[in-house]
Ligand code: UDX
């Protein structure tokens with residue numbers, strides 16, 4: 001049993017705190033926002049993450065997990081302090097480190113004995129070194145020894161507990177191998193896949209991993225656009241590619257592009273780091289460009305089907321950036337809502353859990369109680385987030401309630417032929433298109449190229 005403090009009760013902090021408590025450690029989670037801490041003390045979660053509420057309640061009841069807003073309470077006795085505060089995008093795409101700075105200041109002000117600071121927030125490469133320096137200098141004056149370890153997280157929202165407890169790898173970066181080993185011991189209880197590096201390398205592994213995954217998505221989306229023109233089916237292309245073990249099948253789902261709190265922010269921050277160091281990160285820029293285009297193409301397709309969008313009613317199925325979360329940060333639905341409003345369309349929307357969050361930032365949208373209410377009287381419906389409840393919709397019912405019958409399947413959930421059979425003007429992403437007569441347009445048959 002170790003004494004662990006976690007700073008920040010967002011997705012990363014709360015999952016880290018709850019999982020370590022569940023493994024038998026004594027954990028205290030701190031946040032500077034009193035409302036979040038009050039909620040947690042009542043056993044309510046400030047975020048939606050499957051399985052987390054039960055885990056938090058169980059460990060709080062067992063006395064292993066506590067919450068506070070007081071640094072004086074959380075810092076002095078900790079053996080490990082996990083920093084999991086936000087690093088939002090600044091104006092130029094750079095990571096804004098104000099919360100990190102404040103956390104470091106407060107740690108330095110309250111520490112009383114040897115402690116290992118473990119950074120779990122995604123920070124620009126080099127931040128760990130500068131943090132370590134600040135803390136070590138402050139500590140020397142007070143006669144206290146600090147060490148800093150970078151421990152990037154690779155957990156996905158929606159399956160964060162599973163990912164935490166079943167990691168592909170745990171990366172620990174430090175100038176002090178003993179400190180890294182001490183943190184490694186916290187993880188050894190449930191995984192052997194540990195990798196110890198220096199601080200900067202650990203920080204870079206996080207950025208490079210997220211940028212690579214984002215690149216896979218943008219890559220398949222670019223292939224999808226080419227497939228649409230040439231009459232190939234990107235889902236089969238991805239399946240064919242994915243069987244090559246060097247490529248791998250994951251993250252090859254073409255769609256409306258990536259969102260969330262990590263990929264857009266991290267690709268932009270890595271781009272910025274490269275640019276301010278005199279480099280031209282063309283591939284990273286293209287990853288973001290393609291992602292934006294995926295959203296814009298929806299408007300183009302709707303105009304092709306409906307003409308002007310002024311006065312047309314468009315329904316959005318899903319608002320969260322992906323299923324199983326209420327997170328709408330950088331969500332495709334939010335971008336689409338803004339673009340469609342600018343075009344003068346009336347918007348109707350429904351999401352199983354993200355409506356409250358969306359309500360706070362979207363004006364002029366009619367929020368509905370289910371998919372069928374979204375479709376009622378709509379000219380077009382866009383499937384934006386592939387929640388399970390959107391995967392087996394009663395299509396005749398949906399069809400009959402719509403004014404025009406345009407269905408844009410932004411996540412390739414449905415079968416194009418079946419949707420046409422229902423009478424929809426259906427369009428997926430990177431799949432053979434509808435001809436005006438309802439038949440599938442496939443690539444023109446070409447004669448085989450003569451073999452030289
Ligand atoms: C991601 C990383 O996966 C995780 O390792 C990191 O720690 C945080 O960022 P998360 O943002 O929770 O996790 O979501 P993820 O499941 O990776 O999906 C990100 C976005 O990509 C979603 O908008 C999703 O819809 C989209 N996506 C994912 C695709 O468009 N196609 C795919 O094939 C996969």
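Where a number appears in this text, it was derived from the coordinates with a stated rule and is not lab data. All figures in this text were calculated on a predicted structure; none of them were measured in a lab. Ideal geometry is used to build each Cβ from the backbone, glycine not excepted, and the neighbour counts take in all protein chains shown.
Stokes-Einstein diffusion for segment 232-427 at 20 °C, viscosity 1.002 mPa s, with a Kirkwood radius from C-alpha pairs, works out to 121 µm²/s. Our estimate of slack between residue 175 and residue 144, defined as 0.36 nm per intervening residue step minus the Cα-Cα distance, is 9.4 nm.
If R0 is 22 Å, the Cβ-Cβ spacing of residue 44 and residue 73 corresponds to a FRET efficiency of close to 0.60. Going by alpha carbons, how many degrees (0 to 90, nearest 10) lie between the helix axis of 127-142 and the longest principal axis of the chain? Around 20 degrees separate the two axes.
Computed with the Debye formula from one identical point scatterer per Cα of segment 207-272, without solvent, the log10 of I(q)/I(0) at q = 0.12, 0.15, 0.16 Å⁻¹ comes to -0.33, -0.50, -0.56. Once the chain from residue 101 to residue 113 is taken as fully extended at 0.36 nm per residue, the excess over their C-alpha distance is 2.3 nm. Between the C-alpha center of segment 5-41 and that of segment 289-342 there is a gap of 35 Å. The label-point distance for residue 137 and residue 190, in a model that sets each label 7 Å from Cα toward Cβ, rounds to 3.8 nm. Gyration tensor over the Cα atoms of segment 1-99: the corresponding equivalent ellipsoid has semi-axes (square roots of 5 times the eigenvalues, largest first) of 23, 16, 12 Å. When each of 89, 218 is scored by the number of other beta-carbon atoms lying within 10 Å, the sequence from fewest to most is 89, 218. Semi-axis lengths, largest first, of the ellipsoid equivalent to segment 3-197 are 24, 19, 18 Å, with √(5λ) applied to each eigenvalue of the Cα gyration tensor.
What angle, in degrees between 0 and 90 and rounded to the nearest 10, separates the Cα long axis of helix 263-275 from the longest principal axis of the Cα atoms of the chain? Roughly 70 degrees, rounded to the nearest 10.
Between residue 198 and residue 230, the C-beta separation translates, for a Förster distance of 35 Å, into a calculated FRET efficiency of about 0.15. Shown for 360, 403: other C-beta atoms within 10 Å of each C-beta, ranked fewest to most, produce the order 360, 403. Under the simplified labelling scheme, the residue 359-residue 283 pair shows an inter-label distance of 4.5 nm, with each label point 7 Å from Cα along Cα→Cβ. Is segment 113-167 best put as rounded, prolate or oblate by its Cα gyration tensor, with a ≥ b ≥ c the root eigenvalues, rounded for a/c under 1.5, and otherwise prolate when a/b is larger than b/c, oblate when not? Prolate is the answer for segment 113-167, as a/c is 1.5 or above and a/b outweighs b/c.
Here the label points at residue 292 and residue 370, each 7 Å from Cα along the C-beta direction, are separated by 4.0 nm in the simple model.
For segment 332-439, the spread of Cα positions along the three principal axes, ordered from largest to smallest, is 42, 28, 25 Å. The order of 205, 328, 28, going from fewest to most other C-beta atoms within 10 Å of their C-beta, is 205, 28, 328. Helix 177-188 axis versus longest C-alpha principal axis of the chain: approximately 60°, rounded to the nearest ten. One decimal place: the segment residue 310-residue 400 gains 30.1 nm when fully extended, by the rule 0.36 nm per residue minus the C-alpha distance.
Under Stokes-Einstein, with the Kirkwood radius over Cα pairs as Rh, the value for the chain at 20 °C and 1.002 mPa s is 90 µm²/s.
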